[in-house]
Structures are given as C-alpha cells and as structure tokens.
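For reference, the structure discussed in these notes is given below.
The values are calculated or read from the model by the stated rules, or taken from the named source; none is laboratory data. Since the structure is predicted, the reported quantities are computational estimates derived from the model, not experimental observations. Here Cβ is always computed from backbone atoms with ideal geometry, including for glycine, and neighbour counts include all displayed protein chains. For accessibility, only protein heavy atoms count, side chains too; no ligands or nucleic acids. Shrake-Rupley method; radii C 1.70, N 1.55, O 1.52, S 1.80 Å.
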Amino acid sequence: MRAAVIGVDLGKGDHAATITELRALVESAGAMVAAVVVSKRSRPDPALFVGSGKALEIAAIMAAEQIDIAIFDQPLSPAQQRNLERELKVRVVDRTALILDIFAQRAKSHEGKIQVELAQLQHLSTRLVRGWTHLERQKGGIGLRGPGETQLETDRRLLGERVKMLKIRLHKLERQRATQRRARNRGGVFSVSIVGYTNAGKSTLFNAITHANAYAADQLFATLDTTSRRVYLEGLGQLVISDTVGFIRDLPTQLIEAFKATLEETVHADLLLHVVDASSPVRQEQIAQVNEVLAGIGADQVPQILVWNKIDAVTDGAQLLPVIERDECDSIVRVSLSARTGAGLDLLRLALVEAAQAAPARPVAAGPDGETSAAMT
C-alpha cells in the first residue's frame, strides 16, 4: 500500500522528529511512504484541518503518485476526516488510528487482542456516522418494518454491547493478574518492569537478561503483550522481570485505558528499568514522554533506574562506555550499556542486586474486591 504522510506544523516541539516518527509508524504498519507533505498553520482549519488550498495540492499529489491512503500526524475530528476523504478521493486516517492499526496487527495473546479491540471500538464510536451518511432510516418493506430505529442507532447499540462484554473480560483478566501479584508479594519476590519509549530496545534487553526469546525487532511497537520471566542473580536470588508495551508521544487515551490491566504490572513493580535509546537525537523528549505516561497511570512514584541503551550506536559525540552513574546520595540513577552487544549487562545485574537489597519490604496488595490472599496461578 502506497501512503502519503501529511505533517501539519502547529509550532509545537520538533516537527521534523515528529515526521520521522510518523514515517516509522507507517512503515511498521506495512505501508510504503510514497510522498511527504508538510505545511505550517497557526491553528487547524475546522473543516479540512490543512485548509482548502493545501487540500487541493495534496489531492493533486495523490492522483499523480497513485497513492492509496493519506496519514495525518495530528488527530482529526470525524467531520475533518470525512471532508478530507471527499476532497482527496482516498482513505484518510490520523496518527491515533494508525497506532491502533499497528496494535491490532501485533497483538498475539488473548488479553492483548481484547485490549486492542476495545480501544478500536471506543475510537470508532465517535466515527460511526461515516459508514451511514447515505442512509436516513432502515428501508421499509415486507418483513422489514419495525420501530424505525435508524441504522446508526442500531450500530451504536451493538457496539455498546460489545464494548461492555470486552470490559467484563478484561476485568476478569485484571483479577487474575492481581492474584499473581499477591502471590509474588507473599513470596518476597522482587519485581522489575522494563519500560521506555517504543523501539528503545526493551525486548532486546529483556532477552539478554533473562535468556528468553521474546520477539524483538527494529520497529515501533514490536512488543504488545507483557512477558514475565524469573531470573536468578548472584547475591540476590530470584526476581521477576517483565517486558511491557512501549510508550510513544501522545499515546491515544483509548489505548492507555484499554491496556490498564497490562500497565498495572508497571504500577505494582518494585523497580522500573527505564530504557532509553542513547543514539536518538530526541532522547530527552522521549524520557519526558515516558515519565508523563507513567505519571498518568500512577507509576511515577515507583523507583526507576535509567538504562542508557544502544551506546554502540551513538554518533553525536564521544563514544559512550558501559558505566554506572550515581547521584549525590550514592544511589544508582543510570546504567549505560548495549543490550545488542552485551557490553554493560554485568553492571546492570549489579545495579539490580543493589536496588533489590536497598528496597523496603512491600505490603501484600489488596485485590479488586479487597481480598488479600490467593494461590499462585
């Protein structure tokens, strides 16, 4: 599928980095970027977002390059999306819909598929009118006369019932996770969650530490399903390390809400390994974005160690070496390493042992209904 990336610079942040990230998202979704169109505006046009003149320019490019889909870097309202499709004569999606599509492709576990479907349906609920603009009411006739419910109302009712059912299923899965966490707490098992911006190398690091075979690739959102492994470290014993979904700038609220059960692993962890792509020119902005999401899910109070990954790929200065960095209180704040080459992994293991030994004993967490005892599942 040939896609056009449409960037609208509203004067917020590094827009060039935003376009680069959007291109990577498009390629991760399986499309080929055939054209990139960038414009500047002080504010979005209410009808077409980019304005009528720019819409005509984009339409000409679409026709000339035989492009199948236009992907915008900003969220579009249902009306803007509908108007743009009418003008451009191709399918139009925004960044939120693109991320949801990638999640739908990557989800493998039963829980992951439910979470993604719920997020998609919640996003779709505001856009149902798009599919029924040609219908006023259900057609009458023999065997088809009824209470006069519009097709749109029928669709919304069915969608609402599906959303309710998916939420019930997710609640059951959340209870199962709570049971497993309480069992770990009672056993005194130190738990570590690997978090970070998408494609920072979290799964590669997870595999290197645990000798697991979790899927890892140089693409955005390679990991969606949380994977946990027990690891034995000399001087500490057993601990549990979990690989979690990557974060991204302006992560759609539907995804945060739908993945709440998965993200609970992060909230209840004893320690967060915040993996950072040290070779990224916007690494500081990515750190801020991850911390913003962590604060949004209530995980900002969990102790964290920055893991400066991909030091072998750094080209914007002196070569970085594996090292442990400490603050004025002699606490570990950062470990520099390369998960791909293995350089610095021994330092990270030492950091994990030190962090676990210094951590206070945690109380047993109560479950969704207040119970505090359950068997390991």
(request) Quick one: in segment 1-28, of everything that is among the aliphatic types (A, V, I, L, M) and under 14 Å from Asp68 (Cα atoms), which residue is surrounded by the fewest Cβ atoms within 10 Å (Cβ to Cβ)? (result) Met1
(request) For Val38, work out the one condition from (1) touching a residue at least 60 places away in the same chain (Cβ under 8 Å); (2) in contact with a Gly (Cβ under 8 Å, 6 or more places away or on another chain) it doesn't fulfil. (result) (1)
(message) Can you find, within segment 301-319, the residue that is modelled with the highest pLDDT among those that are farther than 15 Å from Val275 by Cα and open to solvent by 60 Å² or more (accessible area, probe 1.4 Å)?
(response) Gln301
(message) Would you confirm whether or not segment 51-60 contains a residue that is open to solvent by 40 Å² or more (accessible area, probe 1.4 Å), within 26 Å of Gln286 (Cα to Cα) and either within 23 Å of the chain's Cα centre (by Cα) or of a type in the set (Ser, Thr, Tyr) (or both)?
(response) no
(message) Condition first: without any contact (Cβ under 8 Å) to a residue 40 or more places away in the chain and within 12 Å of Ala34 (Cβ to Cβ). Now tell me which residues in segment 64-78 satisfy that.
(response) Ala64
(request) With respect to Ile142, determine if the residue is modelled with pLDDT of 75 or more, surrounded by fewer than 19 Cβ atoms within 10 Å (Cβ to Cβ) and farther than 30 Å from Ser42 by Cα. (result) no
(request) Name the one entry in Ala70, Ala64 that is at pLDDT 90 or above and part of a helix (DSSP H, G or I). (result) Ala64
(request) Restrict the check to segment 343-352 and report whether at least one residue is closer than 21 Å to Thr204 by Cα, outside any helix (DSSP H, G or I) and open to solvent by 50 Å² or more (accessible area, probe 1.4 Å). (result) no
(message) So the check is Cβ under 8 Å with 6+ separation or different chains; which pairs have a first residue in segment 272-288 that's free of Cβ contacts under 8 Å to residues at least 12 places away in the same chain and assigned to a strand (DSSP E or B) and a second one that's open to solvent by less than 20 Å² (accessible area, probe 1.4 Å) and of a type in the set (S, T, N, Q)?
(response) none
(request) May I ask you to list pairs of residues, at least six apart or on different chains, whose Cβ atoms are under 9 Å apart, with the first in segment 148-159 being under 15 Å from Leu124 (Cα atoms) and the second being modelled with pLDDT of 65 or more and assigned to a helix (DSSP H, G or I)? (result) Leu159/Leu121; Leu159/Leu124
(message) On the basis of being surrounded by 15 or more Cβ atoms within 10 Å (Cβ to Cβ), more than 16 Å from the chain's Cα centre (by Cα) and within 30 Å of Glu174 (Cβ to Cβ), does Leu98 make the cut?
(response) no
